[in-house]
Amino acid sequence: MNILVTGGAGFIGSNFVRMVLQEQPECLVVNLDKLTYAGNLENLEGFLDHPRHVFVKGDICDGQLVCELLDRYKIEAIINFAAESHVDRSIIGPKVFIETNVSGTLTLLMAAKDKGIKRFNQISTDEVYGSLGPEGKFTEKTPLAPNSPYSASKASADMLVAAFGHTFGLPYNITRCSNNYGPYQFPEKLIPLMINNAINDRPLPVYGDGLHVRDWIYVDDHCRAIWLVLTKAPPGEVYNIGGNTERPNIEIVRKILQHLGKPESLIRYVNDRPGHDRRYAIDATKIRTQLGWRPKVDLDQGLAITIDWYLRHRQWLEHVVSGQYQQYYQAIYGNR
Ligand code: NAD
Ligand code: DAU
């Protein structure tokens, strides 16, 4: 199968491409990525020149380029990871979220429809469902109620994808996953940011009371779920993906400090994120029962692998936190 992966130089996309190249000998992967601050060729170490991998630097908003790639490589399926993915950035600069996450997805959909693509997989997020109280979980039937500019842009994209299925018969799936962690995650997200700060004995900024709850999933488990959906799911279906591992943020931060042998005095409670969703929890019964998926890596195991990876990839960390990252850090954390 020939697939177009967008955003394959980012965190989840690069882990997905690596897994596909290793495990699917019949698969050609065309990887279209704009290489924003979050996209990094170093994430493709070990397979950039793989014979079944073609890397193309480009924008998903460029319809002509997308159509050319679909033709030239006889693409059968598109897996759309490309996005602006960080909630805090969407609060200080929402426009690019609409450009990439909404207009970019629309561009891909129009190309997919015109070229008769057999499957369009939209990589979405549990954040489209909004926030939960202390009880309950998101199912695929939970109404969309996004709260941040990021999640609103992802919900808009989901609706466009479903509309292309309904109106034009485009065969699609949407997956909505909870919080991923693992190697190659940019240190703006909770786990890699806390690891990086702890390694460097810098304060660990915990938003609000630290009791906001996320459901954590190791990135490989998410990638395996996406492959299953691509190859086994009937078209037109939405699947929730989650690790069944709900934890308050402060517990995650404490685990990281403990693992690294660093003191809890590094923890700093700082002003909360505006509009901060209190709790996410995923009911993944559908993908478990219909497709037989299960997460394989538990939180302690996954955190140990992840922390060890960051300790062994100091150079990668140093590269990604140089330059613009410093300005970003100042903008988000400077006055908190
Ligand atoms: P990321 O920010 O690490 O990577 C995004 C990638 O998209 C980068 O390589 C970037 O260069 C690329 N990109 C951005 N704009 C582009 C454009 N206009 N054209 C082409 N490429 C572009 O993100 P991630 O954490 O790997 O997330 C990947 C996808 O999974 C996103 O769609 C996100 O919404 C979704 N998701 C993420 C999580 C999570 O916990 N990280 C959970 C659920 C869903
Ligand atoms: O749920 C899936 C979503 O998970 C994905 O769609 C997003 O792309 C991804 O960024 C993530 O969103 P969150 O906002 O949940 O992730 P983040 O790592 O930014 O924050 C996780 C929690 O930690 C959240 O409650 C905010 C808190 N936090 C985060 C940072 C960066 C802190 O307390 N301090 C911090 O410095």
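We did not get these values from a lab; they are worked out from the coordinates using the rules stated. It should be emphasised that the depicted structure is a prediction, and the values quoted were computed from it without experimental measurement. Cβ coordinates were reconstructed from backbone atoms using ideal geometry, including for glycine residues, and neighbour counts include every protein chain displayed.
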Partner aspartates and glutamates for Lys286 [C-alpha distance under 13 Å; skip if fewer than 8 residues away on the same chain] = Glu140, Glu237
Distance in nm between pseudo-label sites at Arg314 and Tyr207 (7 Å out along the Cβ direction from Cα) | 3.1
Search the structure for amide H atoms under 5 Å from the amide H of Leu204, placed 1.01 Å from N in the peptide plane, and list their residues when 5 or more places away or on another chain.
-> Ile267, Arg268
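Count charges around Ile78 for me, please; just the other residues with Cβ under 12 Å from its Cβ, Lys/Arg as +1, Asp/Glu as -1. Numbers along the way, then the final one.
Details: positive: Lys113, Lys115, Lys118, Arg119; negative: Glu76.
Around Ile78, the surrounding residues sum to +3.
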Residues with amide H under 5 Å of Asn121's amide H, sequence separation 5 or more or different chain, H placed in the peptide plane at 1.01 Å from N; which?
-> Ile78, Ile79, Asn80, Asn173
The size of the Cβ-based charge dipole (Lys, Arg +1; Asp, Glu -1) of the chain about the Cα centre, to the nearest 20 debye, is 240
Distance between modelled label sites at Ser265 and Arg52, nm, 7 Å Cα→Cβ extension = 5.4
Given R₀ = 25 Å, FRET efficiency for Ala162-Gln290 by Cβ-Cβ distance, to 0.05?
-> 0.85
Stretched out fully, how many nm does the piece from Ile92 to Asn335 gain, at 0.36 nm a residue minus the Cα gap?
-> 86.1 nm
Counting Lys +1, Arg +1, Asp -1, Glu -1, what net charge surrounds Ala284 among other residues with beta carbon under 14 Å of its beta carbon?
-> +1
In whole Hz, the Karplus estimates of ³J(HN,Hα) for region 19-28 (6.51, -1.76, 1.60; θ = phi - 60°; x where Gly or Pro) are 4, 5, 5, 6, 10, 10, x, 8, 9, 9
Can you pull the one-decimal nm distance between simple spin-label points at Asp298 and His276, each 7 Å off the Cα toward Cβ?
-> 2.9
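Do the sum for the chain: with -39,500 (n - 2.57) for every DSSP H run of n ≥ 4, divided by all residues, what is the mean residue ellipticity at 222 nm, to the nearest 500 deg cm²/dmol?
Counting only the DSSP helices, I get -12000 deg cm²/dmol.
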